[in-house]
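**Q** Quick one: the structure is below, questions incoming.
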Amino acid sequence: MIPFLEEFEERNGEYFFQQDNAPIHTSRQTRTFIEETEIILLPWPGQSPDLNPIEHIWDELERHVRSRKDKPKNITELETFLQESWSQISGSVYQKLVSSMENRVKAILKSRGFLTRY
């Protein structure tokens, strides 16, 4: 991931990395890694609603892999299945998730009392 982030920063400038504050992401080892690699985290409250579209893509990917009749017998087969399934996810799925962000954020803000009109 680090080489990707370094290349991304070279091309696009500063970025913020989002993580959901799950326990594995807040462990001492993870926090140390983030500090040592100078990753800038987007402030994100713990136990917040999951608004990150990639989480929904992971769910879609898992459904694709689990729906297969043949089950992976080892890590290599699992990687192959994941790559095949990833390529089968329609671009419209991605677009729908990104397009729905504004409404999902508004719904969260409204539920927390930050929006009176929606």
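**Q** Find the residue count for the range 76-118, including only residues that are in a loop (DSSP other than H, G, I, E, B) and either under 17 Å from W58 (Cβ atoms) or aromatic (F, W, Y) (or both). If you could, list the steps in order and put the result at the bottom.
**A** Residues of the range 76-118 that are in a loop (DSSP other than H, G, I, E, B), as a first pass: 89-90, 100, 112-118.
With either under 17 Å from W58 (Cβ atoms) or aromatic (F, W, Y) (or both) added as a condition, the list becomes 89-90, 100, 114, 118.
Residues that pass the stated criteria total 5.
**Q** Still on this structure: Among L97, L78, L51, which is the only one that is over 17 Å from the mean Cα position of the chain (by Cα) and among the aliphatic types (A, V, I, L, M)?
**A** The match here is L78.
**Q** Return yes when Q88 is more than 25 Å from F8 (Cα to Cα) and either under 15 Å from the mean Cα position of the chain (by Cα) or not β-branched (V, I, T) (or both) and no when it is not.
**A** So Q88 passes the test.
**Q** Of the conditions (1) in a loop (DSSP other than H, G, I, E, B); (2) touching a helix residue (DSSP H, G or I) at 6+ places or on another chain (Cβ under 7 Å), E14 satisfies every one except a single condition; which number is it?
**A** (2)
**Q** Evaluate the following for E35: is it within 22 Å of I2 (Cβ to Cβ) and not in a loop (DSSP other than H, G, I, E, B)?
**A** yes
Here's the yes/no breakdown for (1) aliphatic (A, V, I, L, M); (2) surrounded by 11 or more Cβ atoms within 10 Å (Cβ to Cβ):
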position	(1), (2)
E9	no, yes
Y15	no, yes
P23	no, no
Q29	no, no
P43	no, no
E55	no, yes
V65	yes, yes
P72	no, yes
T80	no, yes
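**Q** Suppose we filter the range 2-36 for residues that are at pLDDT below 85 and charged (D, E, K, R); how many remain?
**A** Of the residues in that region, 1 qualify.
The values are calculated or read from the model by the stated rules, or taken from the named source; none is laboratory data. Every value quoted in this text rests on a predicted model; they were computed, and no experiment measured them. Cβ sites come from the backbone with ideal geometry, for glycine too, and all protein chains shown count toward neighbours.
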